[in-house]
Protein chains: 2
Amino acid sequence: MVDAHARRTELAEAVWRIVVRDGLEQASVRNVAREAGLSMGSLRHYFTTQSELLGFALRLVGERIEERIRAVDTTGDQRAVVRSMIDEMLPLDRPRRGECEVWLAFTARAVVEPTMAGLRKEIDERLTDAFAAMIRRLADAGALRPGLDQKVEAERLYALVDGVILHALLRPGRTSNATAKATVGAHLDQIAPAAADER
Amino acid sequence: MVDAHARRTELAEAVWRIVVRDGLEQASVRNVAREAGLSMGSLRHYFTTQSELLGFALRLVGERIEERIRAVDTTGDQRAVVRSMIDEMLPLDRPRRGECEVWLAFTARAVVEPTMAGLRKEIDERLTDAFAAMIRRLADAGALRPGLDQKVEAERLYALVDGVILHALLRPGRTSNATAKATVGAHLDQIAPAAADER
DNA sequence: TTGTTGCTAACACAACTGTGCTAGATAAGC
DNA sequence: GCTTATCTAGCACAGTTGTGTTAGCAACAA
């Protein structure tokens, strides 16, 4: 007997592959079942409805990203720490790019689909907290430029990163990866200049 | 005889209404025809394929936004001018919100659909130019903070605005509109502080 | 051995999809 | 008047969709 959770994870990963390759609209129960090498009857044994399957797949993406962020070494220069945390969100390599594409596909649908809006809101709140924590981390280390409103800066950084992710997804290639890192780097240099850290 | 271009515009607007109300995946030829009050045979007289219809609808959104940006009064304080231009892109009222939702739906699909990727790239280039022009406008007026790389700042502003739009779409309501304006305002204050303009 | 339970497969159903095709309606040019 | 081009409507086709139902399979407990 196979662990039920492992099977569900396998199916979620099949969803990811399809979303990345063909888009969310191709993630039908039949296609997912075929991609996972199962019959659609089997799939329905683990996920009764399609939204249940898609929701599980998205939630798993969020958990993976959070896990990687938690794994970042938080000692040393706090500007570098925040930079590393943001790097874990950017689509800089294949798996991370896949995660971001899944995120985007769900995000776009959540705008009109009330079912997904709840889950999307939950993720949004988690991310809001994460970026607030990053700004607080800079402030506590005395690295944040004086006179900045922490709440506004958290939202600004959050929006910037989402925009950078979007652009990196839409302009594939090495140069766009460099642009993404440079853009985030320039922003961090602006809100937490090296000089302010070295007093 | 009705003007063919007017008919095509009517159909594009029907696409928008459906995308905003039910999402892009509901924009089937039947639904669009019904929404516009035409038979699907008539629709196919104006648009042979579905992608042709959807492409026309997206292009029209871009043209409308560009038109509004061109209409902005460019005299006076250049920081205020840039702020007004960006306001024309943000989903602050119903019609602009609709435009942004259509943009997001197409954007998400363009990541995996090669057909739409071309059009999406064209729009991206236009927007890149638009934001570069905004930064140049600030620089020429002596309002841009010294020491900033204009190319990087254009990309940073572009990414920030896209992120702000995304967040405003996902968190409907008055407060999120205020947040959006505040976030953009804070960014402009940072890259073009009032002090630098008043020497 | 017989049940029982977790799991897999396969098919049926009604609804929907994009596109092709044909025929009728309307208006413009002569 | 007639002809021609433009426009509209409707149906057919083959395909896909989500979900429900039914039956068969393996593994394990009594």
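Here the Debye sum runs over all C-alpha atoms of segment A:128-168 as equal scatterers in vacuum, and log10 of I(q)/I(0) at q = 0.16, 0.24, 0.34 Å⁻¹ comes out as -0.40, -0.76, -1.11.
Looking at the P(r) of segment B:25-72, how many percent of alpha-carbon pairs lie beyond 13 Å? Display every interim value, and only then the final one.
Working: 681 of 1128 pairs.
When every Cα pair of segment B:25-72 is considered, 60 percent fall beyond 13 Å.
For chain A, the longest principal axis of the C-alpha atoms and the axis of helix A:114-140 are separated by about 20°. In nanometres and ascending order, the distances from the B:ARG68 label point to those of the other copies are 3.6 (point 7 Å from Cα along Cα→Cβ). To the nearest 10 degrees, how steep is helix B:50-70 against the longest Cα principal axis of chain B, on a 0 to 90 scale? It is inclined by approximately 30 degrees.
Viscosity 0.890 mPa s, temperature 25 °C: give me the Stokes-Einstein translational D for the protein assembly as shown in µm²/s, with Rh taken as the Kirkwood radius over C-alpha pairs. Walk me through the numbers before you get to the answer.
Working: Rh = 22.5 Å.
Here the translational diffusion coefficient equals 109 µm²/s.
The relative contact order of chain B, computed from alpha carbon pairs under 8 Å that lie at least 6 residues apart in sequence, is 19 percent. For the interface of chains A and B, what total accessible area is buried with a 1.4 Å probe, rounded to the nearest 100 Å²? It comes to approximately 3200 Å² buried between A and B. Taking only the Cα atoms of segment B:1-154, the radius of gyration and Dmax are 18.2, 60 Å.
Put B:LEU169, B:LEU119 in order of accessible area, highest first, and with a 1.4 Å probe you get B:LEU119, B:LEU169. With the helix formula -39500 (n - 2.57) applied to DSSP H stretches of n ≥ 4, chain A reaches a computed 222 nm mean residue ellipticity of -25000 deg cm²/dmol.
The heavy atoms of B:ASP129 offer some 100 square angstrom of accessible surface to a 1.4 angstrom probe.
Computed on segment B:63-197, the Cα convex hull volume stands at 105 Å³ per residue.
Sorted from shortest to longest, the distances between the B:GLN150 label points of this copy and the other copies are 3.8 nm, with each point 7 Å from Cα along the line through the beta carbon.
Neighbouring Cβ atoms from other chains, within 10 Å of the Cβ of residues in A:183-190, number 4 on average. In this structure, the amide hydrogen of A:LEU148, modeled 1.01 Å from its nitrogen in the peptide plane, lies closer than 5 angstrom to no residue at least 5 positions away or on a different chain. Pairs exceeding 22 Å between alpha-carbon atoms, taken from A:LYS121/B:LYS151; A:LYS121/A:LYS181; A:LYS151/B:LYS181: A:LYS121/B:LYS151; A:LYS121/A:LYS181. Taken along its three principal axes, the alpha carbon spread of segment B:1-48 comes to 32, 17, 17 Å, from the longest extent down to the shortest.
Arrange the residues B:TYR158, B:TYR46 by how much accessible surface each exposes, largest first, with a 1.4 angstrom probe. The partial results should precede the final answer.
Details: B:TYR158 0, B:TYR46 50 Å².
Output order, biggest surface exposure first: B:TYR46, B:TYR158.
Remark: mean inter-chain Cβ contacts per residue of B:102-114 equal 5, using a 10 Å Cβ-Cβ cutoff to other protein chain atoms.
At a 1.4 Å probe radius, carbon and sulfur cover how many percent of the accessible area of chain B?
On the way: 4800 of 9410 Å².
Ligands and nucleic acids excluded, carbon and sulfur give 51 percent.
With every protein chain in place and a 1.4 angstrom probe, the accessible-area ranking of A:ASP149, A:ASP87, largest first, reads A:ASP149, A:ASP87.
The values are calculated or read from the model by the stated rules, or taken from the named source; none is laboratory data. Just so you know, these numbers come straight off a predicted model, no measurement behind them. When we count neighbours, we look across all protein chains shown, and the Cβ atoms used for this are built from the backbone with ideal geometry, even at glycine. Please note that ligands, DNA and RNA were not included when accessible areas were found on the heavy atoms of the full protein model with its side chains. Shrake-Rupley method; radii C 1.70, N 1.55, O 1.52, S 1.80 Å.
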